[in-house]
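Just so it is clear, none of the values below were taken in a lab; they were calculated from the coordinates. No experiment lies behind these values; they were computed from the predicted model shown. All Cβ positions, glycine included, derive from the backbone under ideal geometry; neighbour counts span all protein chains shown.
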Amino acid sequence: MSPLQWRVKPVLPITKLLGAVAVVVLVAVSGREDPVQLVLGGVATAALTAWAARDLIAPVRLSADTSGVTVVTGFRRRRHLAWPQIERVRVERSERLGLRSSLLEIDAGESLHMFSTSDLGAEPEEVAEALNALRANAPS
């Protein structure tokens, strides 16, 4: 069986890079004499570019097979967690200011890995179901 994979949707890094370009254009158009504006624009551009770069360098945020799951930690490092290391897989739902969100949580005891819909390119509930089914069928 090939591993299951969940990745960032391709539109997200493109949108982030377009945002970085928009910041550069806004700073260029609105006056180059203000040093604070230049610094803030530079920081925003760098942050958006780095955020997009992470999506391009490590688009697969989570993969799973019968041996366990592999998660991206940090900028692009991967960590394999065997099924016995994983204490639970669940979806954490919250609501703030009328907005609902859900995160996939993979609890490995000493580490907690959280993934949003944007990280997975799928709903966390669907991914949790697939992971729990795969875990149930994994060899002991």
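Give ALA52, ALA64 a once-over and let me know the one that is among the aliphatic types (A, V, I, L, M) and out of contact with any strand residue (DSSP E or B) (no Cβ under 8 Å at 6 or more places or on another chain). Within the list ALA52, ALA64, the selection yields ALA52. Could you say which residue among VAL21, VAL8 is touching a residue at least 60 places away in the same chain (Cβ under 8 Å) and more than 30 Å from PRO139 (Cβ to Cβ)? After ruling out the rest, the residue left standing is VAL8. Among the residues making up region 76-98, those that are closer than 18 Å to THR117 by Cα and in contact with a helix residue (DSSP H, G or I) (Cβ under 8 Å, 6 or more places away or on another chain) are VAL89, ARG90, VAL91. Within region 77-121, if we keep just the residues that are of a type in the set (Ser, Thr, Tyr) and in a helix (DSSP H, G or I), the residue that is nearest to LYS16 (Cα to Cα) turns out to be SER118.
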